[in-house]
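Worksheet for the structure shown next.
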Amino acid sequence: MATQFLLSVVSPDKSVVEEKVDSLIAPGTEGYFGIWHGHVPLIAALRPGLVEYTDSTTNRHYIYVGGGFAEIQGEKVTILADEAERATDIDIARAEAHLEEARKALRGEDSSVDSMDAVLEVERAVSRIKAARAAR
């Protein structure tokens, strides 16, 4: 009996993952949720955070997503992310620099980040850093 399903994670500029997985945890707007083989059909809004999945050898993999939607249908889960990156590809120094720029905007200092977007940018930068550290 098959216990895997196909996971597809795409962002506007690239396909990040296309592989069979055993389980998935995703950052829904109402909190993290899990998906296993045979899950009921669902469409869920995602917030910035970590997507964690396990492969057939029970290895854990992490992907940063900057929000978007997850569609669970049959034997396939598709994540349409605003932005997505494998945790192993994230440059932690760059993410930390972006976090500091967003924090400057929140403090009212000169910053390349718009003050209206600063809270979301902090959340995105922190999620990137968590993903990168989880993968190491």
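Points to keep in mind about this one:
- Checked against (1) closer than 16 Å to Q4 by Cα; (2) exposed (fewer than 13 other Cβ atoms within 10 Å of the Cβ), I25 meets all criteria but (2).
- When E85, E96, E123 are screened for being closer than 21 Å to T29 by Cα, touching a helix residue (DSSP H, G or I) at 6+ places or on another chain (Cβ under 8 Å) and either not assigned by TED's automatic domain parsing to the domain that holds G34 or not aromatic (F, W, Y) (or both), only E85 passes.
- Flag for S115 being outside the structural domain of E18 (by TED's automatic domain parsing), surrounded by 13 or more Cβ atoms within 10 Å (Cβ to Cβ) and without any contact (Cβ under 8 Å) to a residue 12 or more places away in the chain: yes
- In this entry, A44 is excluded by the filter for residues that are within 19 Å of the chain's Cα centre (by Cα) and not in a strand (DSSP E or B).
- Any pair with Cβ under 7 angstrom, 6 or more apart, that starts in region 64-88 at a residue that is over 14 Å from V126 (Cα atoms) and without any contact (Cβ under 8 Å) to a residue 60 or more places away in the chain and ends at one that is part of a strand (DSSP E or B) and not hydrophobic (A, V, I, L, M, F, W, C): E71/T78
- In this structure, L6 qualifies as assigned to a strand (DSSP E or B) and more than 22 Å from A132 (Cα to Cα).
The values are calculated or read from the model by the stated rules, or taken from the named source; none is laboratory data. Values in this document were obtained by computation on a predicted structure and should not be read as measured data. When we count neighbours, we look across all protein chains shown, and the Cβ atoms used for this are built from the backbone with ideal geometry, even at glycine.
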